[in-house]
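The values are calculated or read from the model by the stated rules, or taken from the named source; none is laboratory data. Owing to the predicted nature of the structure, the values given are computational and were not obtained by experimental measurement. With ideal geometry, Cβ positions are generated from the backbone for all residues, glycine too; neighbour counts draw on all protein chains shown.
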Amino acid sequence: MAQLLIDGRWVDGESTEHLVDKYRGAVFGEMAVASAEQVRLAVTGTHAAVQSSKLKPYDRYRILLKAARIVEGQIEALIALMRDETGFTRADGENEVRRCVQTLELSAEEAKRLNGELVPMQAADGVQNRMGFTIHMPRGVICAITPFNSPLNTLAHKVGPALAGGNAVVIKPSNHSPLSAVALCEALLEAGLPPDLLALVHGPGQTIGRQLLADQRIAFYAFTGSTQVGREIQQAAGLRGVQLELGSIASTIVCHDADIGLAIPKIINAGFRKAGQVCTSVQRLFIDRRIAGEFVPRFVEAVRATKAGDPADPSVVIGPMITRGHAERAASWVKDAVAGGARILTGGTFEGQVFAPTVLDRVDETMRVVCEEIFAPVVCLMEFEDIDDAVARANASPFGLAAGLFTTNLQTAFRVSRALRFGGVHVNEASSARIDVMPFGGVKDSGYGRESPAYAIREMTEERLITIAY
């Protein structure tokens, strides 16, 4: 049962909703849905608690590190849980847990070394006998709103730095993955976090999410999700702090001098893991025309060998999509593309909620499979003759989260990395390459602000200047 955490206690909601296994469609649990009064109490409790919190930086370090060990010790149970909640394969689930552990560890370390800086006061003319420095103070209540496709690690990327910086947190997870959020909260409480510094509420974003946005006691919002919802959060937050990781149409470029044997498995992993339901999944794959004749058949053959089906099967790489409706939408986009002249090289079908890994070519930029985020295991092949043309076509998207580039030419790597307008450019990696220690975030319609504990903790705290005359 996915209960609510309010005022340091696990409680039932005003109603419940069934949770359904994404592959078999069987009910495996329930989610408590919070009332408006329970949401208000969640904010009230955390707001009061953070004002009187006595946790020191080392206490935060100790709690977060212990929570990491607790999560690590529950890896098998969490893999099974996420298989039911999100349709993750074993590989996807194990990767999610191990990254969550690392994110909590990184957050723990940041709790010990959150420092300001010495201000060079005497750089100004006429200043004598005066010094200045900055410190970082908690903002107060942080609201974390998270998606289904990374139910543990994305949540850890918001909760970990928030707690490390001395804040309290109210969590609103995806309705598809509430039990993963419960598991992380339980680990933090077991690790010794004062219960009233953490609250967890479940329910529809249209009501509960908007109530959280309207509550002026919340000082900062950390959100991962669609650009449409991100705009609403930005407008409602006003002068309060916001960190937004939004939509994307990720591009990866394969140059004529690329190591094809290196590129293909990385692109397949980036395009199809988590059933393509990752904001940095390769959706547009630009291939230099000089190598297309060799690259495309090898790539398609490797995709055909990538198994989709029951996520409980260890040999399966691609599990079910989050709902049948998502699979039907992706199929309709592919169908529309084919009607417009695109060609299916492999895939294009789905059974239940499992969408076969799909590769399209002969696409153009007006097709929805190219110009909108499909969030499915679908990759569009697009040939180019000149690298500058590939860069221009990649940059033409309103989104700019991450891009990949395969080349063995160092000059090309540096020049193209500077020309691509994305929050991250990964050379000899695909667009979804990520290590949790590095800053992660986008530009343009992909949002702003950066995840990674070392970067997020500074956004989730207020920098205060202190000067002393003597």
Wholly within the range 323-415, which strands (runs of 3 or more DSSP E) include no fewer than the required count, namely at least 3 residues that are over 26 Å from the mean Cα position of the chain (by Cα)?
343-346, 378-384
Restricting attention to the range 1-25, which residues are closer than 15 Å to residue 173 by Cα and part of a strand (DSSP E or B)?
2, 4, 5, 6, 17, 19
I'm trying to understand the selection: among the residues of the range 401-423, which are without any contact (Cβ under 8 Å) to a residue 60 or more places away in the chain, in contact with a strand residue (DSSP E or B) (Cβ under 6 Å, 6 or more places away or on another chain) and among the small types (Gly, Ala, Ser)?
413, 417, 423
Quick one: residue 451 ticks every box in (1) outside the structural domain of residue 135 (by TED's automatic domain parsing); (2) buried (at least 19 other Cβ atoms within 10 Å of the Cβ); (3) among the charged types (D, E, K, R) except a single one, so which number is it?
(1)
Take the residues in the range 32-86 that are β-branched (Val, Ile, Thr) and under 18 Å from residue 176 (Cα atoms); name whichever of them is surrounded by the most Cβ atoms within 10 Å (Cβ to Cβ).
86
Considering only residues of the range 170-193 that are out of contact with any helix residue (DSSP H, G or I) (no Cβ under 7 Å at 6 or more places or on another chain) and not in a helix (DSSP H, G or I), which is farthest from residue 25 (Cα to Cα)?
174
Residue count, the range 425-451 (criterion: of a type outside the set (D, E, K, R), in contact (Cβ under 8 Å) with a residue 40 or more places away in the chain and assigned to a loop (DSSP other than H, G, I, E, B)):
10
I'm trying to understand the selection: among the residues of the range 204-234, which are part of a strand (DSSP E or B), of a type in the set (Gly, Ala, Ser) and in contact with a Leu (Cβ under 9 Å, 6 or more places away or on another chain)?
222
Only listed residue being closer than 23 Å to residue 199 by Cβ and at pLDDT 95 or above, chosen from 75, 63
63
Do we have any residue at all in the range 376-396 that's among the polar types (S, T, N, Q) and in contact (Cβ under 8 Å) with a residue 40 or more places away in the chain?
no
May I ask you to say which residue of 54, 66 is basic (Lys, Arg) and either closer than 18 Å to residue 456 by Cβ or part of a loop (DSSP other than H, G, I, E, B) (or both)?
54
How many residues does the range 272-309 hold that are part of a helix (DSSP H, G or I) and either touching a Lys or Arg at 6+ places or on another chain (Cβ under 8 Å) or touching a residue at least 12 places away in the same chain (Cβ under 8 Å) (or both)?
18
